[in-house]
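Have a look at the structure below before the remarks.
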Amino acid sequence: MSELTTLTAVELQAALAAGETSSVEVTRAHLDRIAAEDGALGAYLHVDGDAALARAAEIDAGGAAGTGLAGIPVALKDVFVTEGVPTTSGSRILEGWRPPYSATVASRLADAGTVMLGKTNMDEFAMGSSTENSAYAPTRNPWDRDRIPGGSSGGSSTAVAGHLAPFALGTDTGGSIRQPAALTGLVGHKPTYGSVSRYGLIAFSSSLDQAGPMARTVLDAALLHEAIGGHDPRDSTSIDAPVPAVVEAARRGADGDLAGLRVGVVRELGGDGAREGYEQGVLDRFTEAVALLEAAGAQVREVSCPSFGLALPAYYLIAPSEASSNLARFEGMRFGIRVGDDGGRDVDEVMALTREQGFGPEVKRRIILGTYALSAGYYDAYYGQAQKVRTLVGRDFGAAFDGGLDVLVSPTSPTVAWPIGARVDDPLAMYAADLCTLPASLAGVPAISVPCGLSEGLPVGLQVMAPALADDRCYRVAAAVEAALGAPLTDQLVERAA
Amino acid sequence: MTTTAPTLVEFDDVLTRWEPVIGLETHVELGTASKMFCGCSTTFGAEPNTQTCPVCLGLPGSLPVANAAAVESTIRIGLALGCRIAPWSRFARKNYFYPDIPKGFQTSQYDEPLCVDGHLDVEVDGETYRVEIERVHLEEDTGKNLHVGGATGRIHGADHSLVDFNRAGIPLVEIVTRPVAGAGARAPEVARAYVTELREIIQALGASDVRMEQGSLRCDVNLSLAPAGSGAWGTRTETKNVNSLRSVERAVRHEMRRQAAVLDAGGRIVQETRHFHEDTGSTSPGRSKEEATDYRYFPEPDLVPLAPDAEWIEKLAADL
């Protein structure tokens, strides 16, 4: 592969600033690699090479390349609306739709001078943990092409791990940035809920969705986070606070000194009595990562968060409930596909046919589940109860942090990447992939996944969770782990390809 | 639809056997410069679909931002009606499918409204009647349907429909009364007097131009009959498309006479929504409410709760 596609965003920034390369060259190198490799990997749903090159040329002409993120290519999960550029959210129901406006995070990245390579594949409407629920095609894990890359941001993770983009945006509702990052050897961060704008993020579960960075290094992720984060008046759930000092934390963490940091290992996430479903290799890498933290000076102890065991059922009531409402707008009346309007059918029939043919099975499953959970007579027992459990999860985090812990850690995923097709017929087995990531989602606290080794040749991720708005702590710890492990895990994919 | 004229009991005769209980739900379009959750203009009469944006069109990815002036107007209306202003309230989603609600849900308020427990005293023939107000809440209006091809302009018999989203998202205040019993023969006039008085108050507040003929004041009239002296409640009907003060009075009068005829004959009143016909002063069945639609209300996760400052409310009350 071209050397340019092996560089990190930080390295590209330096090369551009030094005039050693241009944005057009960097962009072309990535487009060439996409043309050569993405047929087999399936990371992208849409690539507009001409637009990307034109944008790159513009950056070069303006002399900005190498300033901040200007001139660096980026990929965006197809859940973000991008003006004039096809946006499907991985669904047939939006086939051919070109939004008339752009998501705030997309605009911020464009204003920062990045070059959008294209839109990446995803589980339909962000519902899934393997990207197999995409209505278009599955995406393959660059570590083993017969395996899933994780989901729902599988396209973004394969794009970055596969060196088809330096970094990418994903979204995380129940783990959809962290889990694919863990399964493909990347750094992926779910920001504090409300700290990154949701305007233009096609909603799955409004109280849980967050956009975040996916990259091959911690510093790259931090730079991307800084570019997209911060208050947005168009999003009423947007926190009016400055972006946490994530870049500084990433740089500082790289010196590998965690003296004074108090780390809690969550018992309910792979600890004693809670190991069912966890692969031994994952647990071993996790134990080694914890030892690494201790060696770096951190004080580590176990902590119990009893409600975390209920996070999965609570999430799978809350998220589908909100989704059943968020997805009601897809009925063929104003945008997207319209099925059955032959002049002989009324609006109810056309809406029903459009949704029946436009939505995939997992989306339908969750809409029905959510509709039921909100329905009269069941609201208190299901949705209401799940929100109470959610409060308990938040309190467990609060108690842990107030009880003298700076961060909590766990494996990101109970297993490494599994073979394509192995879990598609068992939704509950698929849902179990989110065991470790769900608690932080429900509580809205920031959580990062950083590579911590391989098990049977496949990446394992360490999850680091911090209090709300303390995203910088996540980056600091992740940077220390990365420094201790040496080169980024994904460099091994470059060596293999050479 | 049957076209036989309904049997009607003479009005004075109704009251010898039945006691009317009325209820009124009034929707007021606020005269704010922009819509409830976006910056689009609210000017009446523009070309269709020229006052829209991703938010009020419910496009994927769009998010609402609450109009502070609308919240203020709602509080002022609540205060003028003697309501208690909730120190904490939330928006809720009312979920149902129809082409004129772009999101597939209406952002409204459910069990946590902004204003509660007010009243309005109205005078009819020298007697004062107290209309208790259960709640005043804030929501958004739907788009407007134009049914094309049928004889009456209504959906029945139409060939196709056009939807104009200029109206979608305009702030709407809903004012709901408690059932009003004891008005007897004056029930039609009490209903009319209430809406008249309400309209004048809102106009005086400058909150809306309250033009019934333009739809900025809409009234749904509820009526039930109970056997005289029984103290029981009857089954009520809800009559929509009541587009003038005179129609409010006529609608109550007609429903009293129609329901009495049904009940006198041993029949039962169907709980349903009826449509008022301006030309004949009569009502006809709309959709049945026997199986009330389950709107699956839940708190709106895209908006933060409303917690108006107590001092600010005091100031608004003082400035009324």
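The values are calculated or read from the model by the stated rules, or taken from the named source; none is laboratory data. Bear in mind that the values here come from a model prediction, so they are computed numbers and not experimental data. Glycine also receives a Cβ, built like all others from the backbone with ideal geometry; neighbour counts cover every protein chain displayed. Surface areas here come from the heavy atoms of the whole protein model, side chains and all, with no ligands, DNA or RNA. Shrake-Rupley method; radii C 1.70, N 1.55, O 1.52, S 1.80 Å.
Accessible area of A:TYR382, 1.4 Å probe, to the nearest 10 Å²?
80 Å²
Taking accessible area as the heavy-atom solvent-accessible surface of the protein chains with a 1.4 Å probe, which residues of the range B:37-69 lose no less than 30 Å² upon going from the isolated chain to the full protein assembly?
Listed in order, they are B:PRO54, B:LEU59, B:PRO60, B:GLY61, B:LEU63, B:VAL65.
Go through the range B:179-228 and name the GluC sites (Glu not before Pro) that are in a DSSP coil and have 13 or fewer other Cβ atoms within 10 Å of their Cβ.
Details: sites: B:GLU189, B:GLU197, B:GLU200, B:GLU213; in loops: none.
Within the range B:179-228, no GluC sites (Glu not before Pro) qualify (loop, at most 13 other Cβ atoms within 10 Å).
Can you find, among B:GLN214, B:ILE201, B:ALA187, the residue farthest towards the positive end of the dipole of the range B:161-223? Put +1 on the C-beta of Lys and Arg, -1 on that of Asp and Glu.
Towards the positive end, the residue furthest out is B:ALA187.
Please work out the Cα convex hull volume for the range A:230-304 and give it in Å³ per residue.
Given the Cα convex hull of the range A:230-304, per-residue volume reads 162 Å³.
Where does the charge balance sit around B:GLU278 when Lys and Arg score +1, Asp and Glu -1, over other residues with C-beta under 11 Å from its C-beta?
So the environment of B:GLU278 carries a net charge of 0.
Provide the per residue accessible area, probe 1.4 Å, for chain B, rounded to a whole number of square angstrom.
Per-residue accessible area for chain B comes out at 44 Å².
Quickly estimate the mean residue ellipticity at 222 nm for chain A, helices only: each DSSP H run with n ≥ 4 gives -39500 (n - 2.57), and the total goes over all residues, rounded to 500.
Rounded to the nearest 500, the figure is -12000 deg cm²/dmol.
Suppose only helical runs count, i.e. DSSP H with n ≥ 4. What mean residue ellipticity at 222 nm does that imply for chain B under -39500 (n - 2.57) per run, divided by all residues and rounded to the nearest 500 deg cm²/dmol? Write down the numbers at each step before the final one.
Details: 5 runs with 68 residues, N = 320.
Result for chain B, helices only: -7000 deg cm²/dmol.
With each pseudo-label sitting 7 Å past Cα toward Cβ, what's the A:GLU95-A:ALA18 distance in nm, one decimal?
Result: 4.9 nm between the two label points.
Counting only other residues whose beta carbon sits under 14 Å from that of A:GLY71, what net charge do I get with K and R as +1, D and E as -1?
Working: positive: A:ARG28, A:ARG55; negative: A:GLU11, A:GLU20, A:GLU25, A:GLU58, A:ASP60, A:ASP111.
Local net charge: -4.
Would you list B:LEU162, B:LEU30 from the most to the least accessible area, probe 1.4 Å? Before the final figure, lay out each step's value.
Details: B:LEU162 90, B:LEU30 5 Å².
Listed by decreasing accessible area, they come as B:LEU162, B:LEU30.
By the scheme Lys and Arg +1, Asp and Glu -1, what is the net charge of all other residues having a beta-carbon under 15 Å from that of A:ARG98?
-2
Ordering A:SER449, A:SER102 by how much accessible area each has at a 1.4 Å probe, largest first, what is the list?
Ranking A:SER449, A:SER102 by accessible area, largest first, yields A:SER102, A:SER449.
With no other cysteine's Cβ closer than 4.7 Å, which Cys residues of the protein assembly as shown count as lacking a disulfide-compatible partner?
Lone cysteines by the Cβ rule: A:CYS305, A:CYS436, A:CYS452, A:CYS474, B:CYS38, B:CYS40, B:CYS53, B:CYS56, B:CYS219.
If you count, for every residue in B:297-306, the Cβ atoms of partner chains within 10 Å of its Cβ, what is the mean?
The per-residue average across the peptide is 5.
Give me the accessible area of B:GLU140, 1.4 Å probe, in Å² rounded to the nearest 10.
20 Å²
Provide the percentage of antiparallel DSSP beta bridges, counting only those with both residues in chain A; round to the nearest 5.
Given both bridge residues lie in chain A, the antiparallel proportion sits at roughly 65 percent.
Please give the charge dipole size of the protein assembly as shown, origin at the Cα centre, charges +1 on K and R Cβ atoms and -1 on D and E Cβ atoms. Round to the nearest 20 debye.
In debye, rounded to 20, the protein assembly as shown gives about 640.
Give the average, rounded to an integer, of partner chain Cβ atoms located within 10 angstrom of each Cβ in A:197-205. Write down the numbers at each step before the final one.
Numbers: counts 1, 3, 6, 6, 3, 4, 6, 0, 1.
Across the residues of A:197-205, the mean count of other-chain Cβ atoms within 10 Å is 3.
Go through A:THR114, B:THR196, A:THR67 and list them by solvent-accessible area, largest first, probe radius 1.4 Å.
Reading off the accessible areas and sorting them downward yields A:THR67, B:THR196, A:THR114.
Nearest 0.05, what FRET efficiency do A:ASP257 and A:ALA137 give at R0 = 60 Å with Cβ-Cβ as r?
Efficiency, rounded to the nearest 0.05: 0.85.
Under a crude label model (7 Å from the Cα following the beta-carbon direction), how far is B:GLU47 from B:GLN271 in nanometres?
With each label point 7 Å from Cα toward Cβ, the separation is 4.7 nm.
Beyond 28 Å between alpha-carbons counts as too far, so tell me which of B:LYS35/B:LYS240; A:LYS364/B:LYS103; B:LYS103/B:LYS315 fall in that bin.
Beyond 28 Å between Cα atoms: B:LYS103/B:LYS315.
Given the range A:258-395, report the % of alpha carbon pairs whose separation exceeds 19 Å. Mind showing how you got there, number by number?
Values: 6376 of 9453 pairs.
So the pairs more than 19 Å apart make up 67 percent of the total in the range A:258-395.
Quick check for me: using +1 on Lys/Arg Cβ and -1 on Asp/Glu Cβ, what's the dipole size of the range B:102-232 about its Cα centre, in debye to the nearest 20?
Here the range B:102-232 has a charge dipole of around 400 debye.
Could you pull out the trypsin sites (Lys or Arg not before Pro) across the range B:184-238 that fall in loop regions by DSSP (anything but H, G, I, E, B) with no more than 16 other Cβ atoms inside 10 Å?
Passing both the DSSP loop test and the Cβ count: B:ARG211.
Once the Cβ-Cβ distance between A:ASP144 and B:ALA69 is put in as r, and R0 is 60 Å, what FRET efficiency do you end up with, to the nearest 0.05?
Efficiency for this residue pair is about 0.55.
Sort out for me the Cα centre separation of the range B:218-287 from the range A:1-68, rounded to whole Å.
That distance is 70 Å.
Under 1.5 on a/c is rounded, so check that first for the range B:37-140, then, if it is not, pick prolate when a/b is larger than b/c and oblate when it is not; a ≥ b ≥ c are the square roots of the alpha carbon gyration tensor eigenvalues.
prolate
Toward the positive end of the charge dipole of the range A:182-247, about the Cα centre and with charges on Cβ (Lys, Arg +1; Asp, Glu -1), which of A:LEU224, A:HIS189, A:ILE239 goes farthest?
Of the options given, the answer is A:HIS189.
Using only the Cα atoms, work out Rg/Rh for the protein assembly as shown, with Rh taken as the Kirkwood radius, to two decimals.
Radius of gyration over Kirkwood radius for the protein assembly as shown works out to 1.04.
Would you please give the FRET efficiency between B:GLN203 and A:GLU58, computed as 1/(1 + (r/R0)^6) with r the Cβ-Cβ distance and R0 = 56 Å, to the nearest 0.05? Before the final figure, lay out the partial values.
Values: r = 55 Å, r/R0 = 0.98.
It comes to 0.50.
Just order A:243-254, A:272-283 by mean Cβ neighbour count inside 10 Å, highest at the front, would you?
Packing order, densest peptide first, comes out as A:243-254, A:272-283.
Got a sec? Which residues in the range A:109-152 would a label at A:GLU288 touch, if it sits 7 Å along Cα→Cβ and we count backbone N under 20 Å?
Label zone hits: A:143-144.
Farthest toward the dipole's positive end in the protein assembly as shown, which of A:THR371, A:ALA161, B:GLY23, given Cβ charges of +1 (Lys, Arg) and -1 (Asp, Glu) about the Cα centre?
About the Cα centre, the residue reaching furthest to the positive side is B:GLY23.
Quick check for me: using +1 on Lys/Arg Cβ and -1 on Asp/Glu Cβ, what's the dipole size of the range B:208-289 about its Cα centre, in debye to the nearest 20?
Roughly 180 debye for the range B:208-289.
Using only atoms on other chains, find how many Cβ atoms lie within 10 Å of each Cβ of peptide A:78-88 and report the average.
Mean number of neighbouring Cβ atoms from other chains: 1.
How big is the A-B contact in terms of buried accessible area, both chains counted, 1.4 Å probe, rounded to the nearest 100 Å²?
Numbers: alone 17530 and 15540 Å², together 30450 Å².
The contact between B and A buries close to 2600 Å².
Rolling a 1.4 angstrom probe over the protein chains, ignoring ligands and nucleic acids, what is the accessible area of A:ASP491 in square angstrom, nearest 10?
50 Å²
Share of the protein assembly as shown's accessible area from carbon and sulfur, percent, 1.4 Å?
50 percent
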